[in-house]
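Contents: one structure, followed by commentary.
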Amino acid sequence: MTYRELIEEHKKKYPGAEARGNEPMSAHTSLRIGGKAASYFEPASAEELESIILSCRAGGLRCFVLGKGSNVLFADGELELAVISTSGLSEIKTEGETVTAGAGAALSKIASAALAASLTGLETLHGIPGSLGGAVYMNAGAYGGEIKDVCESVTVVEDGEIREYARDACDFSYRHSVFEEKDAVIVSARLRLKPGDPDEIRAKMRDLSERRREKQPLEFPSAGSTFKRPAGDYAARLIEAAGLKGRAIGGAQVSEKHAGFLINRGGATFDDFYGLMETVKKEVFEHSGILLEPEVRIIK
């Protein structure tokens, strides 16, 4: 099966489905870098997503599930790859002290829905520019809060079936979940929150947003923190101590505002960004003896 045949087969099975070829990944990632995927899908249900994955496996085709693209670096050029976006799985429901949302739902919108229901627990995640699926996959966090703190269960497509994982089975740790080792695709998650005062929740969200604007280079495309926090230290401090703040390769640059962010200052290519990541890793190791581990997922 070819990637074009995959699209045609899927449209026959799901008339009106969002499925197309030669889709630029630069339009679907926060870095604004990436070539054209051979096929691209936006399934509207877990069953449709499952169907695409099974077709890819049967046809021997590579596939990659994409959330909001806030933590991904795609190679340039023609990508022999079927990209499955979860953007169509974005429904958010609140019931009592729980919020259930699709993998494609933006963390900011989920946090806003929780605020509307006077529920607290998502304030620290409000400003993360990612989707729930991606947040669960890597146990995203900020300002002392992580998705594991509120995640009650996760629904996935695995081995051709829809299954549910309780929180304890997710093996959450720093920037890690069991789904990084499993051939499973997250389709939704249920979050357990607590009743809170809307004014206090809103004030905390506003305060954290202001702190982000002051300290982070939000005016440039980036993937957020490019490297994971090493034990007992901070990637930004190590990068700055190595004299790398402001270092650039082509259109990619270590932010002068926050060294933990590598940014696309304009026209950066995959080679620019990846080359800068490797340079930072090498020079930080030479300076401190600490090998930084990328937080960004690299898809070639």
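The values are calculated or read from the model by the stated rules, or taken from the named source; none is laboratory data. Keep in mind that what you see is a predicted model, and the values were worked out from it rather than measured. Glycine gets a Cβ as well: all are built from the backbone with ideal geometry, and neighbour counts include every protein chain shown. Quick note on the areas: whole protein, heavy atoms, side chains included, nothing else; ligands and nucleic acids left out. Shrake-Rupley method; radii C 1.70, N 1.55, O 1.52, S 1.80 Å.
If I ask for residues that are within 20 Å of MET25 (Cα to Cα) and among the polar types (S, T, N, Q), which ones from region 249-300 would you list?
ASN264, THR269
Quick check on my filter: what residues within region 158-187 are without any contact (Cβ under 8 Å) to a residue 60 or more places away in the chain, in contact with a strand residue (DSSP E or B) (Cβ under 9 Å, 6 or more places away or on another chain) and not in a loop (DSSP other than H, G, I, E, B)?
Those that are without any contact (Cβ under 8 Å) to a residue 60 or more places away in the chain, in contact with a strand residue (DSSP E or B) (Cβ under 9 Å, 6 or more places away or on another chain) and not in a loop (DSSP other than H, G, I, E, B): GLU158, ARG163, GLU164, TYR165, ALA166, ARG167, ALA169, VAL178, PHE179, ALA184.
Is it the case that some residue within region 28-45 is on the phi > 0 side of the Ramachandran plot, open to solvent by 10 Å² or more (accessible area, probe 1.4 Å), in contact with a strand residue (DSSP E or B) (Cβ under 8 Å, 6 or more places away or on another chain) and not in a strand (DSSP E or B)?
First, pick out the residues of region 28-45 that are on the phi > 0 side of the Ramachandran plot: 32, 34.
Subset that is open to solvent by 10 Å² or more (accessible area, probe 1.4 Å): 32, 34.
Then drop every residue that is not in contact with a strand residue (DSSP E or B) (Cβ under 8 Å, 6 or more places away or on another chain), which leaves 32, 34.
With not in a strand (DSSP E or B) added as a condition, the list becomes 32, 34.
For region 28-45, residues on the phi > 0 side of the Ramachandran plot, open to solvent by 10 Å² or more (accessible area, probe 1.4 Å), in contact with a strand residue (DSSP E or B) (Cβ under 8 Å, 6 or more places away or on another chain) and not in a strand (DSSP E or B): present.
Is at least one residue of region 43-62 under 25 Å from ALA268 (Cβ atoms) and modelled with pLDDT of 95 or more?
Yes, region 43-62 has at least one match.
Within region 221-244, how many residues turn out to be surrounded by fewer than 20 Cβ atoms within 10 Å (Cβ to Cβ) and among the hydroxyl-bearing types (Ser, Thr, Tyr)?
Adding up the residues that qualify gives 1.
Of the conditions (1) open to solvent by 40 Å² or more (accessible area, probe 1.4 Å); (2) under 30 Å from GLY267 (Cβ atoms); (3) at pLDDT 95 or above; (4) not polar (S, T, N, Q), GLY104 satisfies every one except a single condition; which number is it?
The failed condition is (1).
Residues checked against (1) of a type outside the set (Ser, Thr, Tyr); (2) touching a Lys or Arg at 6+ places or on another chain (Cβ under 6 Å):
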| residue | (1), (2) |
| --- | --- |
| ALA116 | yes, no |
| HIS126 | yes, no |
| PRO129 | yes, no |
| TYR137 | no, no |
| GLY141 | yes, no |
| GLU146 | yes, no |
| SER153 | no, yes |
| ALA169 | yes, no |
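Which residues, counting only those in region 245-280, are surrounded by 17 or more Cβ atoms within 10 Å (Cβ to Cβ), more than 25 Å from GLY77 (Cα to Cα) and without any contact (Cβ under 8 Å) to a residue 40 or more places away in the chain?
ARG247, SER255, ALA259, GLY260
Testing ASN22 on (1) open to solvent by less than 80 Å² (accessible area, probe 1.4 Å); (2) under 30 Å from PHE261 (Cα atoms); (3) in a strand (DSSP E or B), one condition comes back false. Which one is that?
So the condition that ASN22 fails would be (1).
Taking GLY16 as the residue in question, decide whether it is more than 27 Å from ALA189 (Cα to Cα) and either of a type in the set (A, V, I, L, M) or in a loop (DSSP other than H, G, I, E, B) (or both).
Considered against the rule, which asks whether it is more than 27 Å from ALA189 (Cα to Cα) and either of a type in the set (A, V, I, L, M) or in a loop (DSSP other than H, G, I, E, B) (or both), GLY16 comes out as no.
Show the residue pairs meeting these rules: Cβ distance below 6 Å; 6+ apart or different chains; first residue within region 10-36 and modelled with pLDDT under 95; second residue assigned to a loop (DSSP other than H, G, I, E, B) and open to solvent by 20 Å² or more (accessible area, probe 1.4 Å).
So the pair list comes out empty.
Collect the residues in region 138-170 that are open to solvent by 20 Å² or more (accessible area, probe 1.4 Å), farther than 23 Å from HIS126 by Cα and not aliphatic (A, V, I, L, M), keeping them in residue-number order.
ASP159, GLY160, GLU161, ARG163, GLU164, TYR165, ASP168
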